[in-house]
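Working notes for the structure below.
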Amino acid sequence: MRHAPREVPTDVAEMEDGDPAAELTPEGALIATAMGEWLAEKGEIPSVIYASDAVRTQMTAESVAKAIEDAGFVAPKVKTDVGIGSHKSIRGLILKVGANGEKKVMIVSHKETIMMGLKALEVDNNDNKAEKPDPHAAGEIRIYDVKRKNGNWSEDKRVRPSDIGFDDTY
């Protein structure tokens, strides 16, 4: 999941660095909660949610976990992983999680981090399809089926904020 919409910094340097202290907008908090409700409704309950150390990803992960718990399920554990921070890659975490045999996990990170990780997994598999992955809207959830042994992946489900009554922002 890409983190939900965040407050936009006014300082140009903070914009370029991604401003790790930026919090979710009020609408971003609503989107994160609604996405957690969607996961609960569809039975797509992760056992753990990994989030980068940025405030916006932590807030998104906590809101999703609380919505799942409020729907009557066991709340997923939220874990911080600095290796999936802004301008990094989710590839290593995906391979580690697969090797550990975890069935359903959620990763809350950043647009570039998600896209670079999925592209790296494509290269691992000599799969150079230019059309995937396409951009993630802020707060968008994509559910992927990732093969444990080789990291090969395919998109299973996708829900954008506009699918549940919000605007999409990129």
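Listed values, structure above:
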read-out: Sequence-distant residues sharing a close amide H with Arg158 (under 5 Å, placed H); value: Ile143
read-out: Approximate spin-label separation Ser47-Lys104, in nm, with each point projected 7 Å along Cα-to-Cβ; value: 1.2
read-out: For the stretch 1-118: span of alpha carbons on each principal axis (Å, largest first); value: 42, 33, 18
read-out: J(HN,Hα) series, the stretch 58-70, from Karplus relation 6.51 cos²θ - 1.76 cosθ + 1.60, nearest Hz, glycine and proline x; value: 5, 5, 4, 4, 5, 5, 5, 4, 5, 4, 5, 5, 4
read-out: When each of Lys88/Lys147; Lys103/Lys157; Lys66/Lys147 is checked by Cα-Cα distance, pairs over 25 Å; value: Lys66/Lys147
read-out: Amide proton proximity set for Ile107, modelled H, under 5 Å, gap of 5+; value: Tyr50
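The numbers here are math on the coordinates, done by the rules we state, and not lab data. Not measured: the values here are computed from a predicted model. Don't worry about glycine lacking a Cβ; one is built from the backbone with ideal geometry, like all the others, and counts go over all protein chains shown.
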